[in-house]
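Participant: Have a look at this one before I ask anything.
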Amino acid sequence: MEEKLKVYVYREGARPILHSPFLTGIYASEGWFMKLMEANKRFAPSETKLRLATCIRSLCNADVKEGFFFGKDASLPETYVRNAQNPTWDLGGNTFSKKTTLAFFAGSMHGYVRPILLKHWENKDPDMKIFGKLPKSKGNSNHIHYMKSSKYCICARGYEVNSPRVVEAIFYECVPVIISDNFVPPFFEVLNWESFSVVVLEKDIPNLKNILVSIPEKRYLRLLMRVKKVQKLFLWHKNPVKYDIFHMILHSIWYNRVFSAIS
């Protein structure tokens, strides 16, 4: 891939929509990918118009019901970068013995899944720390504390199927619990997501705790170990590092170009 893949960067749209990308916040994936792509002299910028029906798209909203073409398009990880100067700042989570919470979620009530989650679990069980939006704290420390000290982090879809909580959970070494029907996870071409995450159907939200406590401790520890193992694949760096998220996104595009379902 590194020898044969060619990427062309097309400039379109008015600034700052595309070319002054955000390097922090929930849309940081797009910003970091564009920044590092445009800084690399190996890619030759030019102008062209391609039909979306035949091009490979790298999409955060990897929803098979909203036009994501499985086997052609690439799922782009949505990430929340908190420090543009040091994207891996505060990486890691508590050890297993210090993970005192079974499951954690906090977030705005957009989309249809999150209100259902809170209806069934907010203030219902001391093991289930399920909140709406947490009060503001310096550096979002409350949110980070809960993620680091929880066994499972609930990644419930909002308006779209993807959520930065998936990568955020991996970043803070908390096993992601994905509640988002029709979501195609990033790097599914090479990663077995069942080995380091839990998928819960939206209709099974009322049974969420039973699903989690039914997972044996031995299996949980394997999930956690594999979260730590794949973590490097979801990290941004100021200068790309082999096997990091920048290279993995390119690999997904290359893979779908080579093995595309559309000739």
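Participant: For the list (1) in contact (Cβ under 8 Å) with a residue 40 or more places away in the chain; (2) in a helix (DSSP H, G or I), I need the number of the one condition that E78 fails.
Facilitator: For E78, the exception is condition (2).
Participant: What is the residue count in segment 186-235 for residues that are of a type in the set (S, T, N, Q) and touching a Leu at 6+ places or on another chain (Cβ under 9 Å)?
Facilitator: The number of residues fulfilling the criteria is 3.
For (1) open to solvent by 70 Å² or more (accessible area, probe 1.4 Å); (2) part of a helix (DSSP H, G or I); (3) touching a Lys or Arg at 6+ places or on another chain (Cβ under 6 Å), each residue gets a yes or a no:
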| residue | (1), (2), (3) |
| --- | --- |
| C153 | no, no, no |
| D204 | no, yes, no |
| R219 | yes, yes, no |
| M225 | yes, yes, no |
| N239 | yes, no, no |
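Participant: Do you know which residues across segment 54-68 are over 22 Å from A156 (Cα atoms) and under 19 Å from the mean Cα position of the chain (by Cα)?
Facilitator: Hit for segment 54-68 is R57, nothing else.
Participant: May I ask you to list the residues in segment 127-142 that are out of contact with any Gly (no Cβ under 9 Å at 6 or more places or on another chain) and either under 26 Å from T88 (Cβ atoms) or open to solvent by 10 Å² or more (accessible area, probe 1.4 Å) (or both)?
Facilitator: The answer is D127, K129, P135, K136, S137, K138, G139, N140, S141, N142.
Participant: Is it the case that C174 is touching a residue at least 60 places away in the same chain (Cβ under 8 Å) and within 19 Å of K209 (Cα to Cα)?
Facilitator: yes
Participant: Turning to a different aspect of this structure: Out of everything in segment 71-82 that is open to solvent by less than 30 Å² (accessible area, probe 1.4 Å) and not acidic (D, E), what residue ends up being modelled with the lowest pLDDT?
Facilitator: The residue in question is G71.
Participant: Hey, another quick one. Farther than 20 Å from R219 by Cβ and either hydrophobic (A, V, I, L, M, F, W, C) or crowded, with 22+ Cβ neighbours inside 10 Å (or both), is that true of S163?
Facilitator: yes
Participant: Taking segment 206-217, which residues are part of a helix (DSSP H, G or I) and free of Cβ contacts under 8 Å to residues at least 40 places away in the same chain?
Facilitator: Listed by number, the residues that qualify are N207, N210, I211, E217.
Participant: If I filter segment 179-193 for residues that are farther than 25 Å from N83 by Cα and assigned to a helix (DSSP H, G or I), do I get at least one hit?
Facilitator: yes
Participant: Restricting the search to segment 86-101, which residues are crowded, with 17+ Cβ neighbours inside 10 Å and closer than 19 Å to Y152 by Cα?
Facilitator: Within segment 86-101, G93, N94, K99, T101 qualify.
Each row is one residue, and each column tells you yes or no for (1) surrounded by 14 or more Cβ atoms within 10 Å (Cβ to Cβ); (2) out of contact with any Phe, Trp or Tyr (no Cβ under 6 Å at 6 or more places or on another chain); (3) not in a loop (DSSP other than H, G, I, E, B).
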site	(1), (2), (3)
F69	yes, yes, no
A84	yes, yes, no
F104	yes, no, yes
L118	yes, yes, yes
D125	yes, yes, no
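Participant: Among the residues in segment 153-175, are any at negative phi and more than 16 Å from the chain's Cα centre (by Cα)?
Facilitator: no
The values are calculated or read from the model by the stated rules, or taken from the named source; none is laboratory data. Keep in mind that this is a model prediction, so the values were computed, not measured. Here the Cβ is made from the backbone with ideal geometry for all residues, glycine too, and neighbour counts use every protein chain on show. Note: accessible area is taken over every heavy atom of the protein model, side chains too, but ligands, DNA and RNA are not part of it. Shrake-Rupley method; radii C 1.70, N 1.55, O 1.52, S 1.80 Å.
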